[in-house]
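Participant: Quick one: the structure is below, and I'll ask about it shortly.
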Amino acid sequence: MIANVTFQQASIPQARAVNTESPLRDLTAIIRSRTPLVAVESNEEPQIVRMVRQIGDQLQLKAYRWSVTEGLVAFNPCDQPSKSVVKSQEVLSFIKSDSSYCLFVLLDFHIYLNDNVHVRFLKDIALAYPQHFSTVVLVDSVLSIPQELRSFTAYFRLPLPTPQELRGIVCEVAGEWGAENGRREVQTTNKALDLLVRNLAGLTATDARRLARKAINDNGAISESNMPEVMKAKYELLGRDSPLSFEYETAQFAEIGGMQRLRNWLEVRRSFFCEGAPENLDPPRGVLLLGVQGCGKSLAAKAAAGIFGVPLLRLDFGALYSKYYGETESNLRKALETAQVMAPCVLWLDEIEKGLATGDEDDGLSRRVLGTVLTWMSEREKPVFVVATANDILRLPPEMARKGRFDEVFFVDLPSTQNRREILTIHLRKRALNVASFNLDELASATDGFSGAEIEQAIVSAMYTAHSQGRSASQQDLLAEIKQTRPLSALFAEKIADLREWAADRTVPCD
Ligand SMILES: Nc1ncnc2c1ncn2[C@@H]1O[C@H](COP(=O)(O)OP(=O)(O)O)[C@@H](O)[C@H]1O
Ligand SMILES: [Mg+2]
């Protein structure tokens with residue numbers, strides 16, 4: 001199924017894949033505007049260094065690079081200072097006292113910004129700018145500029161590669177791989193290549209290159225089966241230390257008994273994620289699944305990602321509040337941004353009532369969290385399909401279920417007799433029991449009022465009992481187990497009746 005396209009060595013662009021023209025123009029403009037300090041937070045160090053060198057040539061400024069290992073090195077050997085300038089403080093002293101009309105790019109300077117002598121030096125350099133007209137460009141993968149220096153500092157960011165540039169990067173990487181492997185050609189299909197390019201969106205050139213390399217290295221091909229790995233690796237780059245988790249386990253609807261209407265609803269929207277969206281079609285926004293505990297809402301959220309064939313990201317409200325105490329809102333915003341970069345994907349908000357309590361006992365924090373989520377849901381531009389689940393509607397703020405937030409609000413009720421038959425079949429099969437040896441009609445009627453989770457539990461317990469007696473579970477074992485179980489629906493009959501009444505004219509049944 002692979003291999004209707006191969007990369008021809010000749011088709012690989014000779015020039016670098018990433019367009020450096022417009023960022024070069026922007027950085028030049030910053031330097032020309034007489035800025036003493038420029039902060040560049042980026043892991044594209046070689047590109048920034050190249051740009052500084054080019055700008056030096058262009059503006060006829062002497063240009064230098066400093067690193068802790070090599071000291072100060074002039075790009076043009078004629079400009080090399082006569083004495084050696086190696087230590088971090090020496091370079092700052094050199095800039096302050098001995099430079100005029102120069103450009104300095106200082107690498108890995110982040111750690112020195114924690115030291116007040118270095119900070120003072122940089123401030124002196126900034127204040128003396130009208131005497132020396134030299135600009136210092138700081139490059140590091142993380143850079144936090146101390147308060148004292150902020151008013152002298154301009155920030156520069158490399159734009160992320162466009163889809164076309166990403167395609168160029170993939171071609172370059174494929175060419176390199178071919179050259180290293182006896183001119184073998186990387187095999188791929190148009191579809192797999194498109195998918196890879198789409199999945200690299202939102203990454204820097206270096207990261208995109210690394211992931212493309214990883215995808216190819218496996219087997220010398222870019223195939224659709226590489227994508228889950230690519231997405232997982234991408235998530236690790238973006239989502240580290242975030243309340244979002246990447247769920248490896250998506251599910252298939254074949255594992256769910258019932259929910260036919262929800263299943264059809266998702267199937268109809270599947271093409272949006274699989275075959276690229278037609279322009280005049282709005283992306284599906286998401287669904288809210290409300291209903292009785294243990295009836296398969298979480299399972300259905302996983303199956304949505306399975307149907308669409310996209311990654312599943314889960315936002316853990318518990319972690320959002322506890323682990324990131326005091327930074328809840330900024331972490332929420334970051335997590336939502338990550339979800340957009342991972343798009344198309346399913347964002348799963350499990351048991352939202354726990355995260356979005358309506359009470360006032362937290363200084364309004366959960367209200368603000370709710371506000372952030374709702375605003376984001378109505379403004380997000382990328383295809384992030386939200387599946388939210390909730391067991392307890394009374395703890396759910398009314399804004400949440402209002403029409404327009406979600407495309408549809410589905411009600412997940414206790415399974416019907418027919419659905420219990422399906423659930424029994426699914427779970428007996430899953431545990432390698434012979435379905436034909438059970439009387440499903442009898443079991444289905446005996447489990448009236450059971451949730452899917454309770455049916456599953458009864459099967460598991462019956463298997464334990466049978467196993468302890470050295471045999472395989474039988475109809476009788478199951479019936480005995482079912483008889484002993486008191487389903488939650490019996491304990492909370494009133495609550496479930498209220499839930500149904502509430503849901504009747506506000507939601508659509510998922511069957
Ligand atoms: N409709 C169903 N079909 C198959 N299995 C189900 C169904 N409902 C529940 N289960 C089983 O019960 C487990 C727990 O269900 P879950 O999806 O967590 O319920 P909820 O999120 O509604 O509380 C599932 O992982 C699955 O094994
Ligand atoms: Mg659940």
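Taken together, the values in this text are just the output of simple stated rules run on the coordinates, not laboratory data. As the structure is a prediction and not an experimental result, all values here were calculated from the model. Positions of Cβ are backbone-derived with ideal geometry, glycine not excepted, and every protein chain shown enters the neighbour counts.
Participant: Hey, any idea what Rg/Rh is for the range 82-177, computing Rh the Kirkwood way over Cα pairs?
Facilitator: 1.12
Participant: Which whole-Hz couplings ³J(HN,Hα) result when phi for each residue of the range 432-437 is put into the Karplus expression 6.51 cos²θ - 1.76 cosθ + 1.60, θ = phi - 60°, listed in order with x for Gly and Pro?
Facilitator: Couplings: 6, 8, 7, 4, 4, 8 Hz.
Participant: Evaluate the charge dipole of the chain about its Cα centre and quote only its size in Debye, nearest 20, assuming +1 on the Cβ of each Lys and Arg and -1 on the Cβ of each Asp and Glu.
Facilitator: It comes to approximately 940 debye.
Participant: What does the charge add up to near A201, with Lys and Arg as +1, Asp and Glu as -1, over the other residues with Cβ less than 10 Å from its Cβ?
Facilitator: On the way: positive: R198, K234, K382; negative: none.
Spelling it out: positives minus negatives among the neighbours equals +3.
Participant: Something else about it: In terms of modelled amide H atoms, which long-range or inter-chain residues lie less than 5 Å from the amide H of V386?
Facilitator: G286, V287, L347
Participant: I would also like to ask the following. Based only on the alpha carbon positions, what is the Kirkwood hydrodynamic radius of the chain, in angstrom?
Facilitator: Value: 27.2 Å, from the Cα pair sum.
Participant: Under the rule that an exposed site lies in a DSSP loop and has at most 16 other Cβ atoms within 10 Å, name the longest stretch of the chain with no trypsin sites (Lys or Arg not before Pro) of that kind, not counting the sites themselves.
Facilitator: So the longest stretch without any such site is 241-322.
Participant: So, one more: Let me check against my output: what whole-number percent is the relative contact order of the range 411-511, with C-alpha pairs under 8 Å and at least 6 apart?
Facilitator: Contact order relative to length: 32 percent.
Participant: How long are the semi-axes of the ellipsoid equivalent to the range 247-412, from square roots of 5 times the Cα gyration tensor eigenvalues, in whole Å, largest first?
Facilitator: Square roots of five times the eigenvalues give 25, 18, 15 Å.
Participant: Could you tell me which residue out of V508, S472, L491 lies farthest along the dipole of the range 370-511 toward its positive end? Charges go on the beta carbon: Lys and Arg +1, Asp and Glu -1, centred on the Cα centre.
Facilitator: S472
Participant: Another one. Report the Cα centroid-to-centroid distance between the range 240-272 and the range 93-150 in angstrom, as an integer.
Facilitator: Their Cα centres are 52 Å away from one another.
Participant: Using alpha carbons only, how many degrees (0 to 90, rounded to 10) separate the axis of helix 116-127 from the longest principal axis of the chain?
Facilitator: Helix 116-127 sits roughly 60 degrees off the main axis of the chain.
Participant: Need one word for the range 144-255: rounded, prolate or oblate. Basis is the Cα gyration tensor (sqrt eigenvalues a ≥ b ≥ c); a/c below 1.5 gives rounded, then a/b vs b/c decides.
Facilitator: Cα axes put the range 144-255 in the oblate bin.
Participant: Specify whether the C-alpha gyration tensor of the range 244-336 places it in the rounded, prolate or oblate class, a ≥ b ≥ c being the square roots of the eigenvalues: rounded for a/c under 1.5, otherwise prolate if a/b is larger than b/c and oblate if not.
Facilitator: Here the range 244-336 falls in the oblate category.
Participant: Counting every Cα pair in the range 40-141, what percent are over 21 Å apart?
Facilitator: Looking at the range 40-141, the distances longer than 21 Å represent 27 percent of pairs.
Participant: Over the chain, what is the relative contact order in whole percent, taking alpha-carbon pairs under 8 Å and six or more residues apart?
Facilitator: It rounds to 13 percent for the chain.
Participant: Can I ask one more? State whether the range 417-490 is rounded, prolate or oblate according to the following rule on the C-alpha gyration tensor (a ≥ b ≥ c being the square roots of its eigenvalues): a/c under 1.5 gives rounded; otherwise a/b larger than b/c gives prolate, and the remaining case gives oblate. Don't skip to the answer; put the middle values down first.
Facilitator: Values: a/c = 1.78, a/b = 1.29, b/c = 1.38.
It is oblate, given that a/c is not under 1.5 and a/b is not larger than b/c.
Participant: Further question: Compute the distance in nm between two label points, each set 7 Å from the Cα along the Cα-to-Cβ direction, one at N76 and one at E279.
Facilitator: With each label point 7 Å from Cα toward Cβ, the separation is 4.8 nm.
Participant: Further, regarding this structure: Looking at the range 213-298, which GluC sites (Glu not before Pro) are in a loop (DSSP not H, G, I, E or B) and have at most 15 other Cβ atoms within 10 Å?
Facilitator: The qualifying sites are E249, E275, E279.
Participant: In terms of modelled amide H atoms, which long-range or inter-chain residues lie less than 5 Å from the amide H of A154?
Facilitator: Residues meeting the criterion, in which the H sits 1.01 Å from N, are L37, V38, A39.
Participant: Suppose we flag chymotrypsin sites (Phe, Trp or Tyr not before Pro) only when DSSP calls them loop and at most 15 other Cβ atoms lie within 10 Å. Which is the longest uninterrupted stretch of the chain?
Facilitator: 326-491
Participant: Step through the table entries K96/K234; K234/K297; K232/K354; K62/K87, compare each Cα-Cα distance with 31 Å, and write down the pairs that go over it.
Facilitator: Beyond 31 Å between Cα atoms: K96/K234.
Participant: Now for a separate question. Once you charge only the Cβ atoms, +1 for Lys and Arg and -1 for Asp and Glu, what is the size of the charge dipole of the range 158-228 about its Cα centre, to the nearest 20 debye?
Facilitator: 40 debye
Participant: Further question on the same structure: Expressed as an acute angle from 0 to 90° and rounded to the nearest 10, what is the orientation of the C-alpha long axis of helix 328-341 relative to the principal long axis of the chain?
Facilitator: Relative to the chain, helix 328-341 is tipped by roughly 90 degrees.
Participant: Could you give the angle, 0 to 90 degrees to the nearest 10, between helix 88-98's Cα long axis and the longest principal axis of the Cα atoms of the chain?
Facilitator: The two axes meet at around 40 degrees.
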